């Protein structure tokens with residue numbers, strides 16, 4: 001079994017995110033996506049995943065109880 005490479009180029013990184021290369025470049029420029037590994041033109045899939053988790057709110061930095069958050073967001077107030 002061959003594992004897919006962890007480091008990927010811009011085209012592969014954009015495809016991995018499901019976006020156009022130009023959009024990926026914009027996201028890198030606006031810090032929505034990580035920069036390349038220093039000295040390379042490659043991105044680390046795990047770094048991309050971490051940024052996507054952060055954008056999606058899945059980064060685990062939220063200390064609020066999930067039920068309390070749901071209740072606050074769904075209250076009729």
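Nothing in this text is a laboratory measurement; each read-out follows from the coordinates by a stated rule. For clarity, every value in this text was computed on a predicted model and none was experimentally measured. Cβ placement follows ideal geometry from the backbone for every residue including glycine, while neighbour counts extend to all protein chains displayed.
Points 7 angstrom from Cα along the Cβ direction at residue 29 and residue 59: gap in nanometres? Calculated label separation equals 2.2 nm.
Using the Kirkwood radius built from alpha carbon pairs, what does the Stokes-Einstein equation give as D for the chain at 20 °C and 1.002 mPa s, in µm² per second? D, rounded to a whole number, is 149 µm²/s. Subtracting the Cα-Cα distance of residue 15 and residue 46 from their residue separation scaled by 0.36 nm leaves 9.7 nm.
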